[in-house]
Every structure is written in structure tokens, then in C-alpha cells.
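One structure below.
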Amino acid sequence: MEFFPDQLDAEDLSSGVEVVRERADSTTVVSWLLNDLVEDDVAINRRAARRMVRIQAVVDHARRHPEVYTVGDGPDDAEHATRSAVFEVSLRLQISETEVRRLLTTAETAQEMLPLLWESAQDGFVSLRCVEAATGAVRRLRAPINATAEQRAEAAEAIDLVDRACTAWAMSLSPAAFRRRVHALTARLDPAPAEQKHARRMAERRVVVEDDADGMSWILALVPTVKALAIKRRLTASAKHLQKDRREGRTRDQIRADLFADWLCGVGTKNAVKTTVFVTVPIDLLNGTRFPAQGTTGAVTATASTPGEALNPITSPTWAHLVGHGPIDPLTAKQAFLDAPAFRRVITDPVRGIVLDMDRRSYRPTKAQRDWLILQHGTCARDGCTRLALDADLDHEQQWARGGPTDTGNLRPLCPADHTRRHRTRIHYQSRDNRTVQVTSPTGFHTTDPPPF
């Protein structure tokens, strides 16, 4: 009772006890919720590991029994069956084939090189992100193919050390801190000289485009640090020079981004590679009309000889569309049309103002046919594939060797991977009336055409 002041009466004491009890009850509730959250996180980790094991089992079975997916007994049937199994997993789980291969590689590497960490992951105490970070880092410690017995023993000892360290760290570190420690440890244990490590990373250089909102995208490039700093320095110096012009209303960041895009597109250079760009702009958009008159379906296709993307007239009569991406705003569409040195008119359904059908004596489609199919489809015709039709193969639905004509009603764009699967495996590709392509696997799975916007 000494905790409360002497002047408090019985009512004050009673209310004080209730406050303490209420606070205690609230703490218990929060503690229970947090414990439940941790238990759920463990269950999520366990399910993620089980998912990778199931993916591995599917692919391993396809490797051992290629007849599930392939039609013959060729020497590369096992490879085609493996790719087909990865493809079907991606369709069923609605994730990319790249993601499936990443999960497969992670599971195989963890089981082979990090058994302690993998066991903890299967028990739910290690997240998928930590397993991926560890497997990606530890692969550099593998002994080379022509290694001596001593080198193999050293590599095995280093890998075992990483396995034990990762298993302990994963219990107490965030994924970011875990990743930093793993990379620091493997870098210290890697016996390769610095020049070889740099050459290894140089082999991974690449450019990545990531879509953002409102017709914008990020362009990311993995390049040597010296070149990266030189690029940034040149952009900054040029932006500073341009900002000295009082008429310049752009910020320095905006100028750097514009210069970056112009330089990559070859603006002002003699050796710029020229590519054809399809820009489909509705007529009413060019006329300044927001909504077209009833029955109007005209579109203008501008062909430009500058690097860039293709635009696709999907369904909307008032918006231009970016192939494989979606609609672009009217201002960008108009500017693309004004920048084009030439254009031709295309009348969309119900009237097709150009004749593209050909006699089946010709196997190869014409450029006009290819252009039309690019505009009609935008991407690979197979359900869910976002690869550009601009880079696709034109596939005869009824094979040309069996009497199929080379006309737009029998042609469809399939990306190289789908085109190969269509002819080398038992996966069936069937065109619908709207020219989208349904896939049916040998196990009976069919893809569905998503509803329009």
C-alpha cells in the first residue's frame, strides 16, 4: 500500500487497481498476438520449403521420365521435358519460369551444400530469403572441376563453416544483416584472386527494365563501378552546363534522366542503330476528340526509324497502347506520332483495309503480315506470356507442311520458347476465336483467357 500516496481514499485505490489490471490484460493480448504472428511466420517458412521440395520432385520426375512431355526418343528429350515441367509449374502457380528455376536451383544447392540451414528451413526457422542469400553466396566456394584433392577438401571445409554460421545467424539476424554477413564470410573464404572474382561478376553484367506506373519504367544496368561513376559524372557535368541556360526549366535530375535516354537512343550520334517502331494512335485522339463517333474504329500507325518500343491497338478506341505494357497517355501518344517520319492508316475491325492473305506456296510471312500480327497481338499469343510479338516467331496453327496457308488467319506470334515447345513436346497450343492461344499440358491442365478490362 505504500505505492499509493496517503491522501488516496478507498475509491482511488480501487480505480488504481483496475487501471493496473487493464494494462496487464492489454499487454497479455499484445503478447498473444505477437506469439501467434511468430508461429504463423514459422508456418510460412515451412510451407515455402515444402513448395520448393515439390517443385524439385516434379522436375526430377520429368528428367527421369521424359516421355511425359516429349514425343520421341531424341537425345535432348530430357532437356525438353525438364523445361516443359518448369513451364507447367509456372502456369499452375502463376509465377514466371525464371522464378520457378530460381526456386529449383535454391532447393538443389541448399540440399547439396547447406544441409544444416536447409533442415532449419524445413522446420520453419529460416526464411526463404535467407536460404536464397546463402545459396547464392556459397556457390562461389565450390571447388573447380579440375581441382586437386587438397583443393576439394579446403572447399568442403569452407562450405561447412558457412553452413554452420548461416544456421546460427538466420535465427537472430534480419535478412539484410544476414545477407551482409554471408557475403563478407564467403568473400573471405573464397580462394580465387580478386581479378578472377571481378571477371566472374563481369560475366553477369546485364540491363533490366522494370515497369513503373503511369507509362514510366526504370532502366537498371549492372556495369563495372568505374564506368558507372564515369556515366554519372558525365550526366551531372552535362546537366550543370544545360542548367546555365535561363530558359531551362528542368531540374538537374530531370535533365540527367533525359540525357541518359537520349544518349542510349543514339540522339545526335552517327552510329545509332535504327529500328522500326510501331505507334498506333487513334484518329480521334489526334483530332483532339476525347470520345470517338459511333462506329469509328480507325487508327493511325506511325513507323519511326528510332529506337524504342512498339505500341499496340488492343481494344480502346481512345487510348494508344504500349506493347506488353498497357495504355499510354494521350500526350505521349501524340508526341510519338509527331516524331514519326512516316505513317500508314490501319482500319481495325469490322473492316480490314489491307489484304494480307497469301497462297500457301509461300512459307515465310511477308513484312506486312508480320506488322499486322504485331499490331493485332502486341505480345506472344499464348495465355499469360508478356514477351513482345515484335521478337516472336510466326507459327502456323495448321502446319504448313500439312496444308496450312500462310495467311493471318492461320498465323500467330509465339515467343521462341513457346514455339519450340509447341513443336518439340506434347504440350498442345490451340487458338481461340479471338486468336489468343490456350495451352493444354499432358497432365490435363488448361490455361484460361483472362477477362478484358
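Read-outs throughout are calculated quantities, based only on the coordinates presented, and are distinct from any laboratory measurement. As the structure is a computational prediction, the values presented were derived from the model and not from experiment. Cβ coordinates were reconstructed from backbone atoms using ideal geometry, including for glycine residues, and neighbour counts include every protein chain displayed.
Potential lengthening of the chain between ALA78 and VAL29 amounts to 12.1 nm, from the contour at 0.36 nm per residue minus the alpha-carbon distance. Extension gain, LEU222 to LEU173, is 14.9 nm, computed as 0.36 nm per intervening residue step minus the present C-alpha separation.
Which of ASP36, ASP371 has the fewest other C-beta atoms within 10 Å, and how do the rest follow up to the most? Working shown, then result.
Numbers: ASP36 10, ASP371 21.
Ordered from fewest to most neighbouring Cβ atoms within 10 Å, ASP36, ASP371 come out as ASP36, ASP371.
Computed from the Cβ-Cβ distance with R0 of 51 Å, the FRET efficiency linking ARG233 to LEU37 stands at 0.60. With an a/c value of 1.5 or above and a/b not larger than b/c for the gyration tensor axes a ≥ b ≥ c computed over the alpha-carbon atoms, segment 207-265 is described as oblate. Counting every other Cβ atom within 10 Å of each residue's Cβ, VAL267, VAL38, VAL100 order from fewest to most as VAL38, VAL267, VAL100. The fewest-to-most ranking of PHE125, PHE178 by surrounding Cβ atoms within 10 Å reads PHE125, PHE178. Remark: segment 367-440 carries a charge dipole of roughly 240 debye about the Cα centre, counting +1 on each Lys and Arg Cβ and -1 on each Asp and Glu Cβ.
Just check segment 10-193 against the gyration tensor rule for me: Cα atoms, a ≥ b ≥ c as the square roots of the eigenvalues, rounded for a/c under 1.5, and otherwise prolate or oblate depending on whether a/b exceeds b/c.
Values: a/c = 4.14, a/b = 1.72, b/c = 2.41.
Oblate shape, in that a/c is at least 1.5 and b/c is the bigger or equal ratio.
Net charge in the neighbourhood of ALA199 (other residues with Cβ under 14 Å of its Cβ; Lys, Arg +1, Asp, Glu -1) is +2.
In nm, what is the difference between 0.36 nm times the number of residues separating ASP160 and HIS241 and their Cα-Cα distance? Let's see the in-between values first.
Working: separation 81, 0.36 × 81 = 29.16 nm, distance 5.54 nm.
Contour length minus Cα-Cα distance gives 23.6 nm.
The amide H of ARG387, built 1.01 Å from its N in the peptide plane, has CYS380 as neighbours under 5 Å, considering only residues 5 or more places off or on other chains.
Summing Lys, Arg as +1 and Asp, Glu as -1, what charge do residues with Cβ under 14 Å from the Cβ of THR70 carry, THR70 excluded? Intermediate results must be reported in sequence, preceding the final value.
Numbers: positive: ARG63, ARG64, ARG83, ARG421, ARG422, ARG424, ARG426; negative: GLU67, ASP73, ASP76, ASP77, GLU79, GLU88.
Result for the neighbourhood of THR70: +1.
What the phi angles of segment 152-160 give under the Karplus curve with 6.51, -1.76 and 1.60, with θ = phi - 60°, is a coupling list of 5, 5, 5, 5, 5, 5, 5, 5, 4 Hz, glycine and proline written as x. Using a simple spin-label model with pseudo-atoms 7 Å out from Cα toward Cβ, ASP123 and ARG402 lie 5.6 nm apart. Simple spin-label estimate for ARG139 and ARG206 gives 1.0 nm between the two label positions (7 Å along the Cα-to-Cβ direction from each Cα).
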